[in-house]
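Quick note: the coordinates plus some simple rules give every number you see, no bench work behind them. All figures in this text were calculated on a predicted structure; none of them were measured in a lab. Please note: Cβ atoms are built from the backbone with ideal geometry, for glycine as well, and neighbour counts cover all protein chains shown.
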Amino acid sequence: MSRLRGAVVVALLAVMALVGAALIPGSHDRTGPARAQAGVAARQSGTNTLHTHQDTVFGSNISARTYGTLIAEREQGIDSSGQLASDLDPIGPRVFDRPIAAYRRYAERWAATLARNVTRLRVALRAGNRAVAQRAWTTAFADYLHLGAVYGLLPDELNNELAGVPTSLGERRFTGLHRIEKGLWTGAPTRSLLPAAAALATAAARLRRTLPTVAISPLDYATRAHEILEDAQRDLMSGSQVPWSQAGVLGTAAGVAVTREVIGTLAPLLQGRENALGASQNELARLQHVLNSVRLRDGDWPTLTQLSQTERERVDGSLAGTLGALSEVPGTLETQNVPQIPKIPPPK
Amino acid sequence: MNPLNRRRFLAGSLASLGAGGAAVALTGASGARAGTAPDLATEAGVVADRQLLARVRFDGAHQPGILTPRPNQATFLALDSVATTPAELFESLQQISTQARLLSQGEFVGAAPVDDPPPDSGILGTYNSPDSLTVTVALGASLFDERYGLAHKRPRRLTPMPAFALDELDPARAGGDVLVQVCAGQRDTIVHTMRELMRGVAGQLVARWTIDGFQTAQRGPHPNSSTRNLFAFRDGTANPSVTDAALMKRLVWAAGDEPRWTAGGTYMVVRTIRQHVEFWDRVGMLEQEQMIGRDRVSGAPLGGTHEYQDPRFDLDPDGQRIPLDAHIRLANPRTAATTGQRILRRGYSYHRGVDDAGNLDQGLVFVAFNQDPERQFATIQRRLETEPMTDYITPVGGGYFFAPPGARGAADWVGSGLARA
């Protein structure tokens, strides 16, 4: 059980206890820790002007006596019979249909924008103006990152053609956005990057054809809610995937935009299930605010190397806080009961 | 006076001081030293902690630091040779063995000469306690290039580490002509050993990369419970038994069509693997356990009750109990066909600060000894390329090395086979 989730439950219990206390006249001067534990209106003798006794959890038929125990056990990951259990009941997979469809439309719009901006990038490369080409690259890269929730679901080959990174697999297979990035920031003649840009345009066109058919499962989608920014922290803010352009802040800003989109589509599902939604939205808003505050005067995102130490710490810190809140999302959206793991048969 | 000679001088002054049971006699210009073994009673007079007196033999058919128990601390140091002749290279390798033998068996630090730098850095005080120190020397494929005419001596299965998918190897943290693995109980023992080894080879071997490792403490519940890695899971459970000599012969020691000098040696695979621990800590408990295939607390295979239980993959062909892509299942499928692929792991965890994004740079110095890296380590590694855990790790460095057989006595040194005709 996460600490955050624990805190939420404690807070809920405390609120319920206060409601309970409010229902009991004369109890306001006796609210101590002992009274706040069960979160129910305890039986009071004598002065009950409501003339009712509240023996069940408010708004439910769950016995007040067993409720606290049940909650405590489920928070520990087991139910009353000792089986593994989630602290929330699973939700049906079909309720993901609308959020995923909405997200797919969003991604398709960004894929169209990417294709347009790749064309602009090719024009700039042909014209031979490095500064203009770098700006065009930056725009196209941000477009691509807005696909956040789907890029891992594309066929590997297409992923590599769009934005493969030079791993030890070698330069031969290195093409796509990062290949052009390398050339633009290491002084390669801009026209020498035209073949890579042409290949990128082909890949972008293929992306537009592929997107409508990409399978996105509820689990994929719920997981993406936190993995987009996990990738931003691991690969972009560390600079490891953008070693030439140092466009880590730009990439993180795109990640925040797409994560807010994903969380927005999931809001109806998250509503009322613990506090993942509120915590995520708060942290995302704070991170957005921090990012806006480090923007350069001309509106561009600073490169990682342009950040002062204070700015860097604020971005890193807020990103880490956001990831903590988002990590509660997948568990909150579980579509299945916890599987009971079969026992290993004893040796014969 | 070069450092080796300084040490001889040190030993000589000790002998003349008659320093108890540790008196050592010089045996002339051959470089070999004879002397009575350090005496526990005498040592106890200068060492308060008896664990510092634990001693691992340096000489033998195999090098120490392979089958010997893992002390808590380690440092891996990759060196490149700038020696201009084979003789210089051999001299520096001999130097490492000589110092390793002395330091690992315990020695008194004698009085320093007045006008020369002291022969020992002295950071361990008056007595260099053995402290379970082992120094293991291994050679990289690059040492067998054209520089020293050693191509014909190359162990047949020694290659540069091949590229695995998802590796992000930093050349500044990978490869090397010589790898030195230093293990001991205490960090200062290691630091001292590094100081003495490095200055002993100055001018001939230069540092390429280094990384410090540590063992998580033995926290039970049983004395034989495996310790945890930094993903908090027990690691090393399925290691083959080092006391099974026949098994070691099949899995660890070089065999087959190898140059004769390699007998008793083994291939050493070192991989510096960053573990993205913050990311890992944000993953649900059940998902973590299904990625590994084990219970996090007990280390038992999922569905089992104790760590060393057979996971019985054969009774779970569809992955109902342990997912088909779980780490333990891909790493060691426990089938007749994969039994010869097993490796002897002897890794250490590392912590080396924070990265540019403010994340902890923690991970695993994966170390494996095996008879044939292609048949064993690489085959396993390629299977693991599809495991879900790959999202949480990034291999950043390391290399393939060959750990020669052990030195056969004070006149011998690790790697002497290179110098024999």
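Taking every residue in A:232-241 and counting other chain Cβ atoms within 10 Å of its Cβ, the average works out to 4.
Under the combined filter of DSSP loop state and at most 14 neighbouring Cβ atoms within 10 Å, segment B:254-352 retains these chymotrypsin sites (Phe, Trp or Tyr not before Pro): B:Tyr308.
Of the Cα atoms belonging to segment A:111-218, the radius of gyration and Dmax stand at 13.5, 45 Å. Projecting the Cα atoms of A:Asn292, A:Val214, A:Leu177 onto the dipole axis of segment A:155-300, where Lys and Arg carry +1 and Asp and Glu carry -1 at the beta carbon, places A:Leu177 farthest toward the positive end.
Once both labels are positioned 7 Å from their Cα atoms along Cα-to-Cβ, the gap between A:Ala201 and B:Val206 label points is 4.8 nm. Length gained on full extension, B:Gln309 to B:Val297, computed as 0.36 nm times the residue gap minus the Cα-Cα distance: 2.9 nm.
For chain B, the calculated P(r), taken from all Cα-Cα distances in 10 Å bins from zero up to the bin holding the longest distance, is 4, 21, 30, 24, 14, 5, 1, 0 percent. The HN-Hα couplings worked out from phi for segment B:312-324 by the Karplus form 6.51 cos²θ - 1.76 cosθ + 1.60 (θ = phi - 60°) are 6, 4, 4, 8, 9, x, 9, x, 5, 9, 10, x, 5 Hz, whole numbers, x standing for Gly and Pro. Taking 7 Å steps out from each Cα toward its Cβ at B:His152 and A:Asn282 produces label points 7.5 nm apart. When the Cα positions of B:Val396, B:Pro160, B:Leu150 are compared along the charge dipole of chain B, B:Leu150 comes out farthest toward the positive end, with charges on each C-beta of Lys, Arg, Asp and Glu. Students often get this wrong: which residues of segment B:147-168 have the backbone nitrogen under 12 Å from the point 7 angstrom along Cα-to-C-beta of A:Arg173? Residues B:163-167 qualify, since their backbone N sits under 12 Å from the label point.
In percent, how large is the relative contact order of segment A:225-318, given Cα pairs closer than 8 Å and 6 or more residues apart?
Values: 83 pairs, mean separation 29.1, N = 94.
It comes to 31 percent, rounded to a whole number.
Taking a straight Cα-Cα cut-off under 22 Å and skipping sequence neighbours fewer than 8 places away in the same chain, the lysines within cross-link reach of B:Lys249 are B:Lys153.
Over chain B, DSSP H runs of length four or greater, each weighted -39,500 (n - 2.57), average out per residue to a 222 nm ellipticity of -5500 deg cm²/dmol.
A Förster radius of 35 Å combined with the Cβ-Cβ distance from A:Gln309 to A:Thr186 puts the calculated FRET efficiency at roughly 0.85. Using the Cβ-Cβ distance between A:Arg208 and B:Glu374 with R0 set to 41 Å, the FRET efficiency works out to roughly 0.45. Ordering B:Tyr348, B:Gln288, B:Pro113 by Cα displacement along the dipole of chain B toward the positive end leaves B:Pro113 in first place; charges were set at the Cβ atoms of Lys, Arg (+1) and Asp, Glu (-1).
The modelled label-to-label distance for the pair B:Arg334/A:Lys348, using points 7 Å beyond Cα in the direction of Cβ, is 1.7 nm.
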